[in-house]
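Down below is the structure, laid out as structure tokens.
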Amino acid sequence: MQSVLLAIDRLSTWVGQLFSWVIVLLTGLIVYEVCARYIFNNPGRWAFDGSYMLYGTLFMMAGAYTLAKGGHVRGDVLYGFFQPRTQAAIDLVLYIVFFMPGVIALVWAGYKFAGESWAIKETSSITADGPPIYPFKTIIPFAGLLLVLQGFVEIVRCIICLRDGEWPSREQDVEEVDVDKLKAMVHADDAPAQTKTGA
């Protein structure tokens, strides 16, 4: 079972890392638009449309990745003091009552939303002769499906924690620098202590 959970974690991680490159495109678009507008006095017609579509894509496709890493914001003032079984019980209720119905509704509504957009070959109405937006609306149900899949993994993790009393392991990924881990890696504590000699 753990291998299946980690495989889905790896899928969420791979998709999140793949779509993280969208930030490079978004940054390039913003830099180009600022230069075109303020240096050459020739603003792009699709810059605003492109920036919000790229940001929306980045935001949506990072959802399952963030869930897989336990990175979503939570009000954990008290949660952090609870035993793992209590945490798992709270999470399980919240996943079943709120998360899964909401994300399934997102998939259903997003599927219909994207289907209607493809049917009329929808373009942006923000600018004249705006860019096509139906490919980007397809991201909504796709991102929702990944969230549903990762949500099932999190529900299974809650059940395992309720049974075993501890959280099962997660797929490891890039983390912020932890000074203690860094010291352990370079064996800073193993260096001989420097002693001062008096003259």
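For the stretch 92-97, 3J(HN,Hα) computed residue by residue from phi via the Karplus equation (6.51, -1.76, 1.60; θ = phi - 60°) reads 4, 4, 5, 5, 6, 7 Hz, glycine and proline entered as x. Axis of helix 139-164 versus longest Cα principal axis of the chain: the two differ by about 20°, to the nearest ten degrees.
Percent relative contact order of the stretch 1-116, based on C-alpha pairs within less than 8 angstrom and at least six residues apart? Reported as a whole number, the value is 28 percent. Between G110, P84, G144, the Cα set farthest toward the positive side of the dipole of the chain (charges on each charged residue's Cβ, about the Cα centre) is that of G110.
Here the peptides 8-16, 157-165 are ranked by packing, the mean other Cβ count within 10 Å, and the order with the highest first is 8-16, 157-165.
Helix 47-61 and the longest principal axis of the C-alpha atoms of the chain enclose an angle of approximately 40°.
Each peptide in 60-66, 147-153, 103-109 gets a packing score, the mean of other Cβ atoms within 10 Å over its residues, and the list from highest to lowest is 60-66, 147-153, 103-109.
With the simple model of a label 7 Å out from the Cα in the direction of the Cβ, V34 to A128 spans 2.9 nm. Along the stretch 125-135 the Karplus relation, 6.51 cos²θ - 1.76 cosθ + 1.60 evaluated at θ = phi - 60°, assigns HN-Hα couplings of 9, 6, 10, 5, 6, x, x, x, 10, 5, x Hz to successive residues, with x for each Gly and Pro.
Simple point charges give the picture: +1 on the Cβ of Lys and Arg, -1 on the Cβ of Asp and Glu, and for the stretch 2-171 a dipole about the Cα centre of about 40 debye. Angle between the Cα long axis of helix 2-19 and the longest principal axis of the chain, 0 to 90 degrees, nearest 10? Rounded to the nearest ten degrees, it is 50. Under a 5 Å amide H cut-off, with hydrogens placed 1.01 Å from N, T123 pairs with I133 among residues at least 5 apart or on other chains.
Bear in mind these aren't lab numbers, they're just calculated from the coordinates by the rules spelled out. Note that the coordinates shown come from a computational prediction; the quantities given were computed from them, not determined experimentally. Reconstructed Cβ throughout: ideal geometry from the backbone, glycine too, with neighbour counts over all protein chains shown.
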